[in-house]
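The values are calculated or read from the model by the stated rules, or taken from the named source; none is laboratory data. It should be emphasised that the depicted structure is a prediction, and the values quoted were computed from it without experimental measurement. Here the Cβ positions follow ideal geometry from the backbone for every residue, glycine too, while neighbour counts run over all protein chains shown. Just the protein is used for accessible areas: all its heavy atoms, side chains included, with ligands, DNA and RNA removed. Shrake-Rupley method; radii C 1.70, N 1.55, O 1.52, S 1.80 Å.
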Amino acid sequence: VQLVESGGGTVQAGGSLRLSCAASGRPLSSYIMGWFRQAPGEERDFVATISWNGGTTYYADSVKGRFTISRDDAKNAVYLEMNNLIPEDTAVYYCAARFPGHEVKVTASDMNYWGQGTQVTVSS
C-alpha cells in the first residue's frame with residue numbers, strides 16, 4: 001500500500017484545513033486508517049483512527065471536537081477535517097494504515113504503512 005498525503009499548508013489560528021490521503025497498490029476497505037503528527041524534536045503522536053467500515057472512530061484528547069476523520073473507500077482515500085486550529089497543531093501530519101483485524105486504538109508502532117507526510121503550520 002502506498003499512501004500520499006495532501007492538503008497541508010499555513011493557516012491562522014482559528015482556521016481550517018482538510019487533509020487527504022490517497023492510497024494505491026490495494027484497496028483500503030479492510031484496513032484501519034489513521035492520522036499521526038510529529039512536531040520538530042517530538043515523537044510521532046496519534047491523532048485519529050477510523051475502523052475498516054467507518055463505524056468507529058477514535059481521537060486524541062487534544063483534537064477531540066475539532067478534528068474529524070473520515071474515509072471514502074470508493075475513492076480509496078481517507079480525510080482529516082481540522083477546524084479551530086491552534087498553533088500547537090503545527091506539525092507534519094502522516095497518514096497510516098494498519099492490517100485488518102486489530103483494535104482501532106493504536107500507537108504509531110502498530111501501523112504497517114505510512115505516507116511521506118504533509119506540513120501543517122498554524123500561525124498565532
| Out of (1) surrounded by fewer than 14 Cβ atoms within 10 Å (Cβ to Cβ); (2) touching a Leu at 6+ places or on another chain (Cβ under 7 Å), what's the single condition that is false for Ala74? | (2)
| query | Restricting to the range 39-71, what's the tally of residues that are open to solvent by 30 Å² or more (accessible area, probe 1.4 Å) and either touching a helix residue (DSSP H, G or I) at 6+ places or on another chain (Cβ under 8 Å) or not in a loop (DSSP other than H, G, I, E, B) (or both)? | reply | 11
| request: Find all pairs meeting these conditions: Cβ atoms under 9 angstrom apart; at least six residues apart or on different chains; first residue within the range 83-105 and in a strand (DSSP E or B); second residue aliphatic (A, V, I, L, M) and open to solvent by 40 Å² or more (accessible area, probe 1.4 Å). | output: Cys95/Val4; Cys95/Ala22
| task | Please enumerate the residues belonging to the range 13-38 that are closer than 20 Å to Gly101 by Cβ, of a type outside the set (Lys, Arg) and either surrounded by fewer than 16 Cβ atoms within 10 Å (Cβ to Cβ) or without any contact (Cβ under 8 Å) to a residue 24 or more places away in the chain (or both). | result | Gly25, Pro27, Ser29, Ser30
